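None of the figures in this text is laboratory data; all of them are computed from the coordinates on show. What you see is a predicted model, and the numbers here were worked out from it, not measured in a lab. We place every Cβ from the backbone using ideal geometry, glycine too, and count neighbours over all the protein chains shown.
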């Protein structure tokens, strides 16, 4: 697409949707500095963009100090920084610079990388990796990208805890010893069946999607812990408070990840981006909340997330800017 990410007409560039509402003028200026950095990293940044940036710098010493902070944290900014940026930041800015560094770090690697769930899990898969784990009872589980689980078998129960990610479970039948998958506060119980369990991170409120390929499972979740039977060709979703009703699902679509395909049918762009993030290092940030609601229908290669982003940029009214290898920005078109 030929559109460019542009400012909002007020002399400040757009800010991404994950940033908190500024609590002070200093914080607002620092967020502007980050947004200017994103804008000027775009290879299509125009002379007008650079002129507006120069005007923003000239408007206040605080603007220049914030820009220096970004340059010091990221490096490689000499070509963008004016020659007269030699004003040392006041001591009070050191604390704000530390906060800015934390903001940028989280934007690039994601908060989950600081202390990922299941850090000491029995079995894990890497980013972009699929891995099959054979269990002691003859069952097996195929782990999706960036997934982790722990196994607890005893004489009365076979229990597996899915800490993060996704798994396709192929359960060996044992009538006297049920097979239980625990994920995000819920339980999926089976005797002998095949089913998919996916933890969905949604604004720090994880939910779980269950899809049954063969047999029947019982899903218990929600505040009341009620149990719902889910048969072959059905699925449901539950969260910490509620469990949804079972309904028909496309099993081939739900398990397409097992052949490195990501299939979306009228899915909001925000959810699509979260799925793509699971297959790559770093973050994909959406600047405008309205963009996150755009419906997406398509099939993407899970091993080629950059190609998926290119397709999204070519077919939807959005622009994708790769700031670094660890950070991509989805913004409104011009």
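What order do you get for 135, 39 when you list them from fewest to most C-beta neighbours inside 10 Å? Could you put the intermediate results ahead of the total?
Numbers: 135 18, 39 24.
By the 10 Å Cβ count, ascending: 135, 39.
Taking 2.2 N^0.38 Å as the expected size of a compact globular protein, what ratio does the Cα radius of gyration of segment 231-273 give against it, to two decimals?
1.32
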Rank the residues 249, 210 as a footprinting-exposure proxy: fewest other Cβ atoms within 10 Å of their Cβ go first. 249, 210
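Among 169, 120, 153, what is the fewest-to-most ranking by other Cβ atoms within 10 Å?
120, 153, 169
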If the chain between residue 129 and residue 202 were fully stretched, how many nm would it gain, using 0.36 nm times the residue separation less the Cα-Cα distance? 24.1 nm
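If I take R0 = 41 Å and measure r between the Cβ atoms of residue 224 and residue 259 in this structure, what FRET efficiency does the formula 1/(1 + (r/R0)^6) give, to the nearest 0.05?
Efficiency at R0 = 41 Å is approximately 0.60.
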Going by the alpha-carbon gyration tensor, a ≥ b ≥ c the square roots of its eigenvalues, is segment 192-286 rounded (a/c under 1.5) or, if a/c is not under 1.5, prolate (a/b greater than b/c) versus oblate? oblate
Orientation-averaged projected area, Cα convex hull of segment 123-253 (nm²): 7.6
Sorting check: for 213-222, 51-60, which peptide has the highest mean count of neighbouring beta carbons within 10 Å, and how do the rest follow? 213-222, 51-60
Protection proxy ranking of 266-278, 290-302 - average other beta-carbon atoms within 10 Å, highest first: 266-278, 290-302
Residue 303-residue 250 FRET efficiency (beta carbon distance; Förster radius 22 Å; 0.05 resolution): 0.50
